[in-house]
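One structure is given below, encoded as structure tokens.
The values are calculated or read from the model by the stated rules, or taken from the named source; none is laboratory data. Please read these numbers as outputs of a predicted model, since none were measured by experiment. Backbone-built Cβ (ideal geometry, glycine too); neighbour counts: all protein chains shown. With ligands, DNA and RNA removed, areas are computed over all heavy atoms of the protein, side chains included. Shrake-Rupley method; radii C 1.70, N 1.55, O 1.52, S 1.80 Å.
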Amino acid sequence: MAKAPKVPRVALLWQKSSLGLYSNAPFDDLYKGVGHNNGNLAFVYAIASHIANPMRWLPWHTSVETLKKTADIVVIPCANQIGKHTDLGTMADKLEQAGLPVVSIGLGAQADSYDHDVAVSEGTLRWAKVIAQLHGGSAPNIYTRGAYTTGQLEKLGIPGAQTGGCPSYFINPAPDLGHRIYANWTKQMPPRFISVAGGHQSWAKIRTIEHQLISMIMDPVTPGQYVVQSMSDMIKVSRGEFDLIDPVVLEHIHRHTVPHYTPEEFRNWCRIYAKSFYDVPAWMDSLRNYDLTVGSRYHGIALALQAERMGLTVTIDSRTRELCENTMVPNIRQEDLQQPLTRTALGKIVQFDPVAYDKHRAAAAARYVPFLEANSVVPSPFLYKIAEAAE
């Protein structure tokens, strides 16, 4: 009797396993563990749930020897690495020396808008080219967040990437997710309980929007929450670690959120409303308590939809717009959101077709599954069930 083929071992390369974090850990450990943005937890958690191979989490600083000893394939959960803000030359060296097949999932390019080409460092460009060279066969081994990123890679001399979307599209296993979201959304109009996916204190262009959203969550009858993801000081205020923040930066956050409060009132506001999460199921469970999650952080919105609740992303750049368009997350450009914001206005802005959503999601899964299979990554059974609904 012939032996069954050996299932390749997968090394999931990430900063460290985000599943082993504890909320009472030192802040720097928590911040590093989430890859300097709590939103990263969404797509890393998603990718880990998609892989049925024997899998081991390994941090980016893992030695070449350990990689070669531990894994047959390296899977890299990717974010918006293609941009001027990264230099991944050292990682390129490591992957090249290991020589293992590499699969990149969710790679994105970040520019101010679709009208601009991305700027990229030499180190990151070489990293992307090394990944493209280390494929296990003739199929593409780079799954991008959308057509914009695929096009930017082509302009950089890296053709053939597969246009996809954010893997967080496939956290909820239900093939009829769109209908579930819509059923919950239409139970209550206008939306009452609101969660805000908070931005950053330096984002002056969305400050007026955030002030209006913050006013909504402070309703005494239907209170909401202000969930932060990045950067470090914004996350610190959600944990009450005010003494670890430069006073000037703390004042900037104060002005960005509740400028009419005294410093002490601002701190009390943070203790009541500002939240951060280090576990995806807990985050999603929290979002189930709200009719609508709205704000400029894509992953905070995407998790709401995966929790079968409505979301609306205020897009601020090419990255957030591309992510929304490729996972059918309701969105509106920041510059197009000029009207006064009320619950009724938000309800009218949200455009969501459950039939189109489920059809699009099934078609996306039907492309994602063969991508994984072609790269010797065994898809989890629930991905097949979502893909089966594709026409």
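Observations on the structure shown:
- Breaking point among (1) modelled with pLDDT under 95; (2) touching a helix residue (DSSP H, G or I) at 6+ places or on another chain (Cβ under 6 Å); (3) open to solvent by 30 Å² or more (accessible area, probe 1.4 Å), for Arg145: (3)
- For region 22-49, the candidate set comprises residues that are open to solvent by 30 Å² or more (accessible area, probe 1.4 Å) and in a loop (DSSP other than H, G, I, E, B); within that set, the residue that is modelled with the lowest pLDDT is Tyr22.
- Residue in region 366-373 that is over 20 Å from Ile194 (Cβ atoms), open to solvent by less than 40 Å² (accessible area, probe 1.4 Å), of a type outside the set (A, V, I, L, M, F, W, C) and part of a helix (DSSP H, G or I) present: yes
- Every residue from region 176-201 that is open to solvent by less than 50 Å² (accessible area, probe 1.4 Å) and outside any helix (DSSP H, G or I): Pro191, Ile194, Ser195, Val196, Ala197, Gly198, Gly199, His200, Gln201
- If you check Asp233, Asp219 for being surrounded by fewer than 20 Cβ atoms within 10 Å (Cβ to Cβ), of a type in the set (D, E, K, R) and under 21 Å from the mean Cα position of the chain (by Cα), only one passes: Asp233.
- Scanning region 50-82 for residues that are within 16 Å of Phe371 (Cβ to Cβ), surrounded by fewer than 18 Cβ atoms within 10 Å (Cβ to Cβ) and touching a Leu at 6+ places or on another chain (Cβ under 8 Å) turns up nothing.
- Top-ranked residue in region 376-387 [being of a type outside the set (Ser, Thr, Tyr) and open to solvent by 10 Å² or more (accessible area, probe 1.4 Å); ranked as nearest to Gly165 (Cα to Cα)]: Ala387
- Residues that are over 28 Å from Pro281 (Cα atoms) and in a loop (DSSP other than H, G, I, E, B), drawn from region 50-70: Ser63
- Residue that is nearest to Tyr273 (Cα to Cα) [pool: residues in region 158-175 that are surrounded by fewer than 22 Cβ atoms within 10 Å (Cβ to Cβ) and among the small types (Gly, Ala, Ser)]: Ala174
- Applying the condition of being surrounded by fewer than 21 Cβ atoms within 10 Å (Cβ to Cβ) and among the β-branched types (Val, Ile, Thr) to region 83-131 and asking which residue is modelled with the lowest pLDDT yields Thr86.
- Per-region count, region 262-297, residues part of a helix (DSSP H, G or I), under 13 Å from Arg309 (Cα atoms) and open to solvent by 70 Å² or more (accessible area, probe 1.4 Å): 1
- If you go through region 317-335 and keep only what is open to solvent by 20 Å² or more (accessible area, probe 1.4 Å) and touching a strand residue (DSSP E or B) at 6+ places or on another chain (Cβ under 9 Å), you end up with Arg319, Arg321, Glu325, Asn326, Asn331, Ile332, Arg333, Gln334.
- Within region 224-248, residues that are over 18 Å from Asn38 (Cα atoms) and in contact (Cβ under 8 Å) with a residue 12 or more places away in the chain sit with their Cβ atoms under 8 Å from residues that are assigned to a loop (DSSP other than H, G, I, E, B) and open to solvent by 40 Å² or more (accessible area, probe 1.4 Å), at 6+ positions apart or across chains, in these pairs: Gly224/Phe193; Gly224/Met218.
Residues are listed down the side, and each one gets a yes or a no for (1) of a type in the set (A, V, I, L, M); (2) more than 23 Å from Thr320 (Cα to Cα); (3) at pLDDT 95 or above:
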{"site": "Gly165", "(1), (2), (3)": "no, no, no"}
{"site": "Arg180", "(1), (2), (3)": "no, yes, yes"}
{"site": "Ala183", "(1), (2), (3)": "yes, yes, yes"}
{"site": "Ile209", "(1), (2), (3)": "yes, no, yes"}
{"site": "Leu213", "(1), (2), (3)": "yes, no, yes"}
{"site": "Met218", "(1), (2), (3)": "yes, yes, yes"}
{"site": "Gln225", "(1), (2), (3)": "no, no, yes"}
{"site": "Met231", "(1), (2), (3)": "yes, no, no"}
{"site": "His256", "(1), (2), (3)": "no, no, yes"}
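- Ala139 surrounded by fewer than 17 Cβ atoms within 10 Å (Cβ to Cβ) and within 29 Å of Thr66 (Cβ to Cβ): yes
- Sole residue being open to solvent by less than 10 Å² (accessible area, probe 1.4 Å), farther than 26 Å from Gly160 by Cβ, touching a residue at least 12 places away in the same chain (Cβ under 8 Å) and in contact with a Pro (Cβ under 9 Å, 6 or more places away or on another chain), chosen from Ile349, Ile301: Ile301
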